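Notes follow the structure.
Please treat every number below as a calculation from the coordinates, not as lab data. Source: prediction; values computed, not measured. So basically every Cβ, Gly included, is an ideal-geometry build from the backbone, and we count neighbours across all protein chains shown.
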Amino acid sequence: MTPTERPVASPCVSICALDEADICTGCQRTVEEITRWSRMTNEERRVVLGLCHERAKASGLVWMIGKTPSQ
């Protein structure tokens, strides 16, 4: 992180509950990602945010515009 770069914000939405795969149902992070977040670089955080988005899409929590859930 450069001195002027701000930390990437946490995706936490204060809905903290783990599913059967130990993924938070609120932010879609794994337990390991949650516990490491404060020690991650911004680059690592951006990777995790991408993974969270992919998990949300896969579980049907996020739909892509122009796509149907079956596509």
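Table for the structure above
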| item | result |
| --- | --- |
| Residue list for region 1-26, restricted to those being in a loop (DSSP other than H, G, I, E, B), of a type in the set (A, V, I, L, M, F, W, C) and farther than 17 Å from Asn42 by Cβ | Val13, Ile15, Cys16, Ala17, Ala21 |
| Residues located in region 19-48, provided they are closer than 17 Å to Pro7 by Cα and surrounded by 18 or more Cβ atoms within 10 Å (Cβ to Cβ) | Glu33, Ile34, Trp37, Arg45, Val48 |
